[in-house]
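Written out below as structure tokens is the structure these notes cover.
Derivation of every value follows stated rules applied to the coordinates shown; laboratory data play no part. Keep in mind it's a predicted model, so treat the numbers as computed, not measured. Counting neighbours? That spans all protein chains shown, and the Cβs are built from the backbone with ideal geometry, glycine included.
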Amino acid sequence: MLAPFLIMLREGIEAALITGIIAGYLRQTGRGAWMPVVWIGIFLALAASLFVGAGLQLASGEFPQKAQELFEAAVGAFAAVVLVSMVFWMRRAARSIKRELHDSIDAALATSTGQGSRAQGWALIGMVFFAVAREGLESVFFLLAVFQQSSGPAAPLGALAGIVVAAGVGWAIYAGGVRLNLRQFFRWTGAFILVVAAGLLSSAVRSLHEAGLWNALQERAFDLSGVLPVSSPLGSVLSGILGYDDAPSIGAAAVYAAFLAITLALFLRPLSERRATAPAPAGE
């Protein structure tokens with residue numbers, strides 16, 4: 001439950017931050033009349049994300065066993081790639097996202113009357129749609145991968161709780177009541193997400209083994225089933241959060257360790273001086 005909660009909290013705060021910057025800038029520049037257009041873009045993005053998620057879930061139910069394992073491996077690997085791109089993109093863009101969004105709004109609303117107003121509306125809808133849809137589709141692929149590996153209501157409830165809390169935090173930031181240290185928030189949640197992504201990637205390797213599509217390195221790397229079985233309460237928690245496996249194959253363990261070693265080293269290294277002097281993000 002913790003992994004879906006934290007990742008949906010982060011995704012939700014990213015989306016809330018983006019829409020809050022857009023809404024705040026429109027209000028500050030006397031363009032508050034465009035807010036209904038912003039809501040249209042948000043709702044279209046949410047609908048598109050739900051449609052993609054439902055379509056993939058329905059399609060996966062029609063697959064035979066081997067294809068199902070392949071689908072789970074593909075979704076897990078893609079979710080890991082999406083999570084990595086998410087944390088590195090935010091690490092790079094956090095300090096300039098406010099300025100870039102302001103520039104995009106000015107460009108979208110550059111024309112004035114008549115046909116121009118209609119073009120402005122579509123441009124603003126498109127900008128909001130793609131900004132929010134990016135976060136929504138990232139969430140869809142992560143949740144598909146998690147739900148395939150988790151049974152029971154804990155994961156969906158954790159994800160829902162993360163969204164609800166993110167909506168509250170986003171509103172508080174927009175209203176000016178909360179000043180969140182976004183740099184530290186994204187740094188530590190980013191490190192946690194990389195650990196989750198490593199678990200998804202090692203689970204994808206396990207699915208490939210089970211489907212008979214990758215037969216190399218299937219020997220056990222170690223066996224902790226007598227010490228900390230995955231069926232135990234703690235083992236279940238570690239499995240759900242970190243992708244823990246009490247008896248992983250050599251291939252899965254190697255992928256997990258190599259992925260973490262590389263991504264954490266890159267993610268935790270200091271930013272360059274050029275980026276360190278850039279403006280801080282909103283809410284910091």
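Give, to the nearest whole percent, the P(r) tail of the stretch 2-276 beyond 30 angstrom, counting all Cα pairs.
Above the 30 Å cut-off, the stretch 2-276 has 37 percent of its Cα pairs.
Is the stretch 186-241 best put as rounded, prolate or oblate by its Cα gyration tensor, with a ≥ b ≥ c the root eigenvalues, rounded for a/c under 1.5, and otherwise prolate when a/b is larger than b/c, oblate when not?
Details: a/c = 2.51, a/b = 1.25, b/c = 2.01.
It comes out oblate by the Cα gyration axes.
Return 246, 103 ranked ascending by Cβ neighbour count within 10 Å, so the fewest neighbours appear first.
With the fewest neighbours first, 246, 103 line up as 103, 246.
Order the peptides 191-203, 153-165 from the highest to the lowest mean number of other Cβ atoms within 10 Å of their residues.
Put in order of decreasing packing, that is 191-203, 153-165.
Whole-Hz Karplus ³J(HN,Hα) for the stretch 226-236, in order, using 6.51 cos²θ - 1.76 cosθ + 1.60 and θ = phi - 60°, x for Gly and Pro?
x, 9, 9, x, 5, 7, 6, x, 5, x, 5
Taking amide hydrogens as modeled 1.01 Å from N in the peptide plane, which residues meet the under 5 Å criterion relative to residue 246, leaving out close sequence neighbours?
Distant-sequence amide H within range of residue 246: 230.
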